[in-house]
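Colleague: Please read through the structure below; I'll follow up with questions.
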Amino acid sequence: MPATGDGRAPGAADLPGAHDGAPVGHARSRATIAPATTAPPIPHPRSRAAHASHPSHVSDPAGPSTADGPADGTPLRLLVIEDDDSDAQLIKAAVADSGTSIEIHWARGLDQATELLAPPAPWARRGRSRTPEFGCVLLDLAAAADLPHPSDSSDGLEGLHELLRRAPHTPVVVLTDAAGAELGAAAVAAGAQDFLLKHETDGPLLARALRYAVERKRADESQRRLVEAELRGQENARLQRHLLPTPLLDGAGLSFTRRYRPGRRRALLGGDFYDAVRTDDGAVHVVIGDVCGHGPDEAALGVALRIAWRTLVFAGLTGEALLTTLQHVLEHERRSDEIFATLCMLVIEPGGVGSDLDSLGAAERARLYLAGHPTPLLLGRDHAPITLPADLAGPALGLLPCHDGQAAWPAHELELRPGWRLLLYTDGLIEGRVGAGSRRLGQDGLADLVGDHQAAGLTRGRLVDSAIAEVEELNGGALTDDVAVLLLERNPVQLILG
């Protein structure tokens, strides 16, 4: 392989054939020298800038060099780690004969290479354009490894191991002599993208190896990021799934159907929340709420409010005392004073509940608390759905201060006759559009819709699913807001449905 070009390694003795700034002729390339201190800005390896006006170049090892570019004119910035002058000349000759646009930068060891590979410090970047990254590293396995503890490794790949540790995201091609073919294969197994034999490498082979190394590394990095994203997604899904509540209704004699759909794509949790528990005195407490907004912060706040609500219920709080305390939790946990939450809470009083409730014709008493939330629908066996009164509704949590008495949530007393069913929901279910105009479904529209499905004989999960499906059909597609729906029904045998 003819030795052409010229260069000078930084901080090293002159390499053979160096000509400071003088052009070097070659049958297939024309070369010029640009010192590192006066080198023009170097385009990014993946930029599309045209280089037709810049024919092939091979530069001083202290600065960049280019050779004839590929079809797209994109130069490859190559860092060569080489401490042997004759081998450096072979590499320069191969680059000149490669027919590929390559900018060569030289380093005599890993310490010098690390300085070139490392991104500049933040203080050093101020007022300066960012140096483009290297597209590939060509490492001579015989070059000095600059290891802090050279005796720590004896497999001949000490330099490669250290380079991969210092620059894990840069593709690497190793050089070895003819007797080291097995060592080159071991280098690929250790993390290099390819290996070349020094005296059997010509320009086209070098260019092809570098291009393949870059693409292999890119594919490896894409696969690594994909695996990491999948693992993060699985972890987030497990976390969010565990944050969804499990109703505690043992002995309540109720069926409980729930549906939950976050508005955010690829999420399991939204700002809506719900829960249902039965306390030791036999009372059943149910809550459904909605934190304004749709992001992960709102989802986290919804979980915090739901857990706080359950804790306060088991601590013996109920009614306005519970809601006042819950507002204090909201005020301390929210990221902004503009964040608020609507809430609907139902307390079914104990007493008279047994397996023969319906046969006895006994009615049940309940208390309804509304904090800026849509009122539930009362579904009976002998009447169409009824929207419960909202005249005693109080403000949403977090809108008005509690300490001066402005925020109040009085109870609305309910009588639940045998065969009752209550549908609780968040506003995402009623704010969907009806047709192409701006008209919203609203509470009355939902009541009519559910009544039609109820008249068709649908119950429990099928009733809820069919209602949600028709709401989405009327909306012209999936609902963008979070949706939570609870269907609570007196049932002689307790049944909790998903």
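The values are calculated or read from the model by the stated rules, or taken from the named source; none is laboratory data. Everything numeric here is computed off the predicted structure, so don't read it as measured data. Please note: Cβ atoms are built from the backbone with ideal geometry, for glycine as well, and neighbour counts cover all protein chains shown. Just the protein is used for accessible areas: all its heavy atoms, side chains included, with ligands, DNA and RNA removed. Shrake-Rupley method; radii C 1.70, N 1.55, O 1.52, S 1.80 Å.
Colleague: Failed condition for L248, given (1) surrounded by fewer than 19 Cβ atoms within 10 Å (Cβ to Cβ); (2) aliphatic (A, V, I, L, M); (3) out of contact with any strand residue (DSSP E or B) (no Cβ under 7 Å at 6 or more places or on another chain), with all others met?
Modeller: (3)
Colleague: Tell me, which residue of segment 106-130 that is touching a helix residue (DSSP H, G or I) at 6+ places or on another chain (Cβ under 9 Å) and modelled with pLDDT under 80 is nearest to L157 (Cα to Cα)?
Modeller: Top of the filtered list is A118.
Colleague: Now, a different point. Which of the residues that make up segment 391-410 are touching a Gly at 6+ places or on another chain (Cβ under 8 Å) and open to solvent by 70 Å² or more (accessible area, probe 1.4 Å)?
Modeller: L399
Colleague: Output the residue which, of all residues in segment 186-203 that are assigned to a helix (DSSP H, G or I) and modelled with pLDDT under 90, is most open to solvent (accessible area, probe 1.4 Å).
Modeller: Ranking the qualifying residues of segment 186-203, first place goes to H199.
Colleague: What residue, of I430, I468, I386, is open to solvent by 30 Å² or more (accessible area, probe 1.4 Å), at negative phi and β-branched (V, I, T)?
Modeller: It is I386.
Colleague: So R367 ticks every box in (1) at pLDDT below 95; (2) surrounded by fewer than 19 Cβ atoms within 10 Å (Cβ to Cβ) but one. Which box is left unticked?
Modeller: With (1) at pLDDT below 95; (2) surrounded by fewer than 19 Cβ atoms within 10 Å (Cβ to Cβ) applied to R367, the lone miss is (1).
Colleague: Another question, if that's okay. Within segment 286-342, track down each residue that is closer than 23 Å to L248 by Cα, open to solvent by 30 Å² or more (accessible area, probe 1.4 Å) and of a type in the set (S, T, N, Q).
Modeller: Selection gives T311, T318, T325.
Colleague: Kindly indicate whether any position in segment 281-289 is in contact with a His (Cβ under 8 Å, 6 or more places away or on another chain) and either assigned to a loop (DSSP other than H, G, I, E, B) or under 24 Å from L423 (Cα atoms) (or both).
Modeller: yes
Colleague: Do the conditions hold for G477, that is, is it under 31 Å from the mean Cα position of the chain (by Cα), in a loop (DSSP other than H, G, I, E, B) and surrounded by fewer than 14 Cβ atoms within 10 Å (Cβ to Cβ)?
Modeller: Yes, satisfied.
Colleague: Sticking with this structure for a sec: What about L441, is it more than 28 Å from E364 (Cα to Cα) and modelled with pLDDT of 90 or more?
Modeller: yes
Colleague: Just to be sure before I move on: is E413 open to solvent by 40 Å² or more (accessible area, probe 1.4 Å) and assigned to a strand (DSSP E or B) in the structure I sent?
Modeller: yes
Colleague: Against the definition (loosely packed, with under 15 Cβ neighbours inside 10 Å and of a type outside the set (D, E)), how does R439 come out, yes or no?
Modeller: So R439 fits the description; yes.
Colleague: Based on this model, can you work out whether V450 counts as β-branched (V, I, T), within 25 Å of R264 (Cβ to Cβ) and touching a residue at least 40 places away in the same chain (Cβ under 8 Å)?
Modeller: So V450 does not fit the description; no.
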